[in-house]
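I have placed the structure first, in the form of structure tokens, so that the comments after it can refer back to it.
The values are calculated or read from the model by the stated rules, or taken from the named source; none is laboratory data. These figures come from a predicted structure and were not determined experimentally. With ideal geometry, Cβ positions are generated from the backbone for all residues, glycine too; neighbour counts draw on all protein chains shown. Quick note on the areas: whole protein, heavy atoms, side chains included, nothing else; ligands and nucleic acids left out. Shrake-Rupley method; radii C 1.70, N 1.55, O 1.52, S 1.80 Å.
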Amino acid sequence: WGHPEAAQITYYGLHSLQHRGQEGAGIVTTDGDKLTCMKGLGLVNEVFGNGKLNELSGKAAIGHVRYATAGGGGYENVQPLLFKSSHSGSLALAHNGNLVNATQVKHQLESQGSIFQTTSDTEVLAHLIRRSGHIDMKEAVKNALTMVKGAYAFLIMTETELMVALDPNGLR
């Protein structure tokens, strides 16, 4: 956060974490006005090689390397997940851990009209944040986190904020 080479620093961090996941990698940056995402299947140097990393600019970034766990594999599950909204700003999520009640919450959200784009348990939190009814993002995130159970760590980034959340037991 607050560094002109945020994407490059995040790239090196992901490279050092490559052993934690080799299915895919992603980075989301913010320039204070918009979030930009680049992700793909494969190793970090494959996803961001050939100068592709230069397309990501901004003062802040979050990244993730993926190994298939809850939700299975596939491009759509590579994180960070990016959700765009024209009236309430965008939201990027990176998640480590498992939400043990994700299936039940997802079924409840779908019955209320939510449409999911991934099979990842991570997406559940984004829907809960947007449906919280809170205008303040911190309050929306706090409210949403009360509805998920499990061992987790989240990075939540908007155009102007970065939040970190750990499960109540501090397991992740």
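Per residue, how much accessible area does region 1-160 have with a 1.4 Å probe, in Å²?
Value returned for region 1-160: 48 Å² of accessible area per residue.
Note on Y67 and N54: the model spin-label points, each 7 Å out from Cα along the C-beta direction, lie 3.4 nm apart.
Between L17 and H107, the simple label model (points 7 Å from Cα in the Cβ direction) yields a spacing of 3.2 nm. Sort region 80-148 into rounded, prolate or oblate with this rule: let a ≥ b ≥ c be the square roots of the eigenvalues of the Cα gyration tensor; rounded if a/c is under 1.5, and if a/c is not under 1.5, prolate when a/b is larger than b/c, oblate otherwise. Because its axes are fairly even, with a/c under 1.5, region 80-148 counts as rounded. Charge tally around K106: other residues with Cβ under 12 Å, Lys/Arg +1 each, Asp/Glu -1 each, net -3.
Report summary: the helix-based calculation at 222 nm, which adds -39500 (n - 2.57) for every DSSP H run with n ≥ 4 and divides by the residues of the chain, gives -7000 deg cm²/dmol.
Counting every alpha-carbon pair across the chain, the share separated by more than 28 Å comes to 18%.
Full extension of the chain between Q117 and S88 gives 8.5 nm of extra length, using 0.36 nm per residue less the Cα-Cα distance. Our coupling estimate for region 149-164, obtained by passing each phi through the Karplus curve with A = 6.51, B = -1.76, C = 1.60 and θ = phi - 60°, is 10, x, 10, 7, 9, 10, 10, 10, 10, 10, 4, 10, 9, 10, 10, 10 Hz, Gly and Pro reported as x.
Taking the accessible area of the chain, probe 1.4 Å, and keeping the other protein chains in place, the carbon and sulfur fraction comes to 52%.
The distance separating the Cα centre of region 45-62 from that of region 1-40 comes to 7 Å. Modelled spin-label separation between R131 and Y75, with each label point placed 7 Å from Cα along the Cα-to-Cβ direction: 2.8 nm.
Using a probe of 1.4 Å, the accessible surface attributed to T122 totals some 0 Å² when neighbouring protein chains are kept in position. Using a Gaussian network model of the chain with C-alpha springs under 10 Å, which one of T119, T36, T146 is most mobile by mean-square fluctuation? Taking springs between Cα atoms under 10 Å, the residue moving most is T146. Using 0.36 nm per residue and subtracting the Cα-Cα separation, the extra length available between L162 and K34 on full extension is 44.7 nm. The GNM of the chain, with springs linking C-alpha atoms under 10 angstrom apart, assigns the highest mean-square fluctuation among H64, H95, H19 to H19.
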